[in-house]
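Below is one structure, written out as structure tokens, with a few remarks after it.
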Amino acid sequence: MGRVLVWLVTALSFFSLSSPPALSEPKHAIAMQGEPALPPDYTHFSYVNPDAPKGGSITYCVVGSFDNLNPFILKSLRTTARGMMDTIYGNLVFEPLMQRSADEPFTLYGLLADTADMDPERKTIEFHLNPNAKWSDGQPVTPEDVLFTYDAYTQKGRPPYSDRMARIAKLEKTGDHSVRFTFNDKADREFPLIIALTPIIPKHAFDIDTFDRTTLKPLIGSGPYRIAQVTPGQRIVFKRNPDYWGKNVPAKRGFDNYDQITIEYFLNANAKLEAFKKGLCAIDDDSDPVKRERDLDFPAFHRGDVVSETFDTGIPPVVTGFLFNTRLPKFSNPVVRRALGMLYDFEWANKNLFGGKYTRTMSYWQNSELSALGHPADDREKALLAPYPGRVPADVMDGTWKPPVTDGSGQDRKVLKTAFDLLKSIGYHVQDGTMIDPDGKPFGFEILTASQDEERLAGIYQRTLEKIGINVSIRSLDGDQIQSRKQRFDFEVLIGSSGFNNSLSPGIEQIGRWSSAAARTEGSFNLAGVADPAIDAAIDAMLRARSKEDYVAAVRVLDRLLISGNYMVPMQYNTQQWLAYWNYLEHPRKTPIFGYQLPTWWRKPN
């Protein structure tokens, strides 16, 4: 009897450990922190006009070119046609299981999947597919499509899609309209939301053997638009699908209001601006306040046919600056990078180029509770940093760090001397007007630029660096060339950013931007080549945080490490978004925290 009892207890223990976690009730939405803002019976997002009129056309204009329509492969990654999956113009062709709200830090609402069941530990999530979901050719979206999507991405896709199965223990069909993901120990608490945001592709419309080849053949998706015309490198035309399955889904009401969307490509910003003035382009989004005031001096603006408007946002600004390729020996020493970081004369640039309308960028999550600025490190942060002593200077730890402030003259000798003394302390010296490194070689580098605005900023930096003997050359490349160089990490310095956008809920995308693994992955967004175990640990802590306090502490540690590492020389920002647009367009009254949302705009009826 004793043996039977032992066996029974052992068996029960085994089954309790091996059984999948119990799921919660199906939910219409899932949030990274806290609860979704909108109830199950919500009818639309708060920042849309649910009764926006449908019809008309719009032409967006971009600088560059394209030679590929598949956004999920590595080849031509950075020259893939805009609009297929697009954070600005919308996901016109491909859609994810759930739709992100632009007015919450990180909350997703039902789309291809109308509900999600997630266990409290976030080890398992089951999606129930909307039975009305269809591909643009009329075939239904099925669990088999979800399984095929992950098969194709894993075998032939690009990062980050190709890496997702590494965190999934099991992916299975659990019903005619349901799929279940079970995660392994590599997954974090954000990962179920990343799965929900992953675009789904149709099994019947793709051949996995040729999936990784570039194509200009119109692709089938579940989105609101079909590809109507492709002129390679110049134009892509999307036409709204009148039978779009999701037009009455609450997360899509008020979106996708044009019958036709055209995206035109131009060789440079000047050509694009002239096309806007002629009415070929509907919108202009120049970020330079002085330049845009000058550019608006044309008849259509004075007549009121073109409108200028600013939009307030509630998210940290994207960090833009001179980004060092730290894979190169010349930039491997953080002391060198720190000295170089002192020599961007923001005060001169702000006064002479930006009319004093910009603020200096100092933090990767500036103007939020996630920023290290103004927040001394607490015990949680100190514990995270304890295994990595000396990584963060005292002024960054106590939140008082600021970059040097110049007198705005363009030749502040005090700042120049401080930077020079720092280089001198590690063996650099000037000989015959040239900075010489500790190995006796002249020290200098090349800055790649992709526009005239970038050339001007590089020129400011170049003039300051030359004052202490650092020889800087500037090379201008077209969009295709610079994207190819970025993909191969073939550059010394370029003007880059910390990401396409920023967020009050940073998450798994930080792996692609700053992790050691991404530094070695061709095509990743870790252009600087950051490979620091302390940063890897901070990202891991951020992704595994269970409480808001732990989460904020981890992000602040990441901020402190990025500031201390001097991987880029941050420049300036303006939290307001600016647009000029032709007055046949209208937009919703409310601007969400992520800023204006072009997919919610519409054309005034004639």
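Would you confirm whether any residue within the stretch 397-410 is in a helix (DSSP H, G or I), touching a Lys or Arg at 6+ places or on another chain (Cβ under 6 Å), under 19 Å from ASN566 (Cβ atoms) and touching a residue at least 60 places away in the same chain (Cβ under 8 Å)? No - not one qualifying residue is present in the stretch 397-410.
Please tell me if GLY374 is closer than 19 Å to ALA534 by Cβ, surrounded by fewer than 19 Cβ atoms within 10 Å (Cβ to Cβ), without any contact (Cβ under 8 Å) to a residue 60 or more places away in the chain and in contact with a Gly (Cβ under 7 Å, 6 or more places away or on another chain). Considered against the rule, which asks whether it is closer than 19 Å to ALA534 by Cβ, surrounded by fewer than 19 Cβ atoms within 10 Å (Cβ to Cβ), without any contact (Cβ under 8 Å) to a residue 60 or more places away in the chain and in contact with a Gly (Cβ under 7 Å, 6 or more places away or on another chain), GLY374 comes out as no.
Just one of (1) closer than 14 Å to GLU126 by Cβ; (2) outside any strand (DSSP E or B); (3) among the basic types (Lys, Arg) trips up LYS173, so point out which. It is condition (2) that LYS173 fails.
Scanning the stretch 30-52 for residues that are surrounded by 12 or more Cβ atoms within 10 Å (Cβ to Cβ) and either closer than 19 Å to ARG546 by Cα or modelled with pLDDT under 95 (or both) turns up ILE30, ALA31, MET32, GLN33, PRO36. Residues that are closer than 22 Å to ILE593 by Cβ and of a type in the set (Phe, Trp, Tyr) within the stretch 36-76 comprise TYR42, PHE45, TYR47, listed in sequence order.
If you go through the stretch 180-224 and pick out every residue that is in contact with a helix residue (DSSP H, G or I) (Cβ under 6 Å, 6 or more places away or on another chain) and more than 17 Å from ALA166 (Cα to Cα), you end up with 8. Of all the residues in the stretch 176-211, those that are assigned to a loop (DSSP other than H, G, I, E, B) and at pLDDT 95 or above number 9. When residues in the stretch 355-402 are screened for being within 24 Å of GLY496 (Cα to Cα) and under 25 Å from the mean Cα position of the chain (by Cα), 16 of them pass.
Quick grid of which residues meet (1) over 17 Å from the mean Cα position of the chain (by Cα); (2) acidic (Asp, Glu):
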{"position": "GLY90", "(1), (2)": "no, no"}
{"position": "THR115", "(1), (2)": "yes, no"}
{"position": "GLU121", "(1), (2)": "yes, yes"}
{"position": "PHE127", "(1), (2)": "yes, no"}
{"position": "VAL146", "(1), (2)": "yes, no"}
{"position": "THR149", "(1), (2)": "yes, no"}
{"position": "GLN155", "(1), (2)": "yes, no"}
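Among the conditions (1) outside any loop (DSSP other than H, G, I, E, B); (2) at pLDDT 95 or above, ASN350 misses just one, which is (2). Among residues of the stretch 472-493 being of a type in the set (S, T, N, Q) and touching a strand residue (DSSP E or B) at 6+ places or on another chain (Cβ under 6 Å), the one that is modelled with the lowest pLDDT is SER476.
Considering the conditions (1) over 27 Å from the mean Cα position of the chain (by Cα); (2) closer than 30 Å to PHE106 by Cα, VAL318 is excluded by exactly one of them, (1).
Restricting the first member to the stretch 36-53 and to residues that are among the small types (Gly, Ala, Ser), and the second to residues that are modelled with pLDDT of 95 or more and outside any loop (DSSP other than H, G, I, E, B), the beta-carbon pairs closer than 7 Å and six or more apart or on different chains are ALA37/THR107; ALA52/TRP602.
Condition check ((1) crowded, with 16+ Cβ neighbours inside 10 Å; (2) touching a helix residue (DSSP H, G or I) at 6+ places or on another chain (Cβ under 9 Å)) across all residues:
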| residue | (1), (2) |
| --- | --- |
| PRO403 | yes, yes |
| ASP407 | no, yes |
| LYS414 | no, no |
| PHE420 | yes, yes |
| LEU423 | yes, yes |
| GLY427 | no, no |
| VAL430 | no, yes |
| PRO438 | no, no |
| GLY444 | yes, yes |
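Residues that are over 35 Å from the mean Cα position of the chain (by Cα) and surrounded by fewer than 16 Cβ atoms within 10 Å (Cβ to Cβ) do not occur anywhere in the stretch 447-454.
For the stretch 53-94, a tally of residues being buried (at least 19 other Cβ atoms within 10 Å of the Cβ) and more than 24 Å from GLY233 (Cα to Cα) returns 0.
Quick check on SER19: is it more than 21 Å from PHE594 (Cβ to Cβ), at pLDDT below 95 and not acidic (Asp, Glu)? Taking the combined requirement at face value, the residue satisfies it. Can you list the strands (runs of 3 or more DSSP E) found entirely within the stretch 89-155 that contain at least 1 residues being in contact with a strand residue (DSSP E or B) (Cβ under 8 Å, 6 or more places away or on another chain) and under 23 Å from TYR258 (Cβ atoms)? Per the criteria, 98-100, 107-110. In summary, ARG82 fulfils each of the numbered conditions (1) in a loop (DSSP other than H, G, I, E, B); (2) over 27 Å from PHE594 (Cα atoms); (3) among the basic types (Lys, Arg) with the single exception of condition (2).
Applying a threshold of 7 Å to beta carbon distances and a minimum spacing of six or more residues, or different chains, the list of pairs starting in the stretch 140-159 at a residue that is more than 12 Å from ASP212 (Cα to Cα) and ending at one that is part of a helix (DSSP H, G or I) and β-branched (Val, Ile, Thr) reads ASP151/ILE208.
The values are calculated or read from the model by the stated rules, or taken from the named source; none is laboratory data. If you're wondering where the values come from, they're calculated on a predicted model, not measured in any experiment. All Cβ positions, glycine included, derive from the backbone under ideal geometry; neighbour counts span all protein chains shown.
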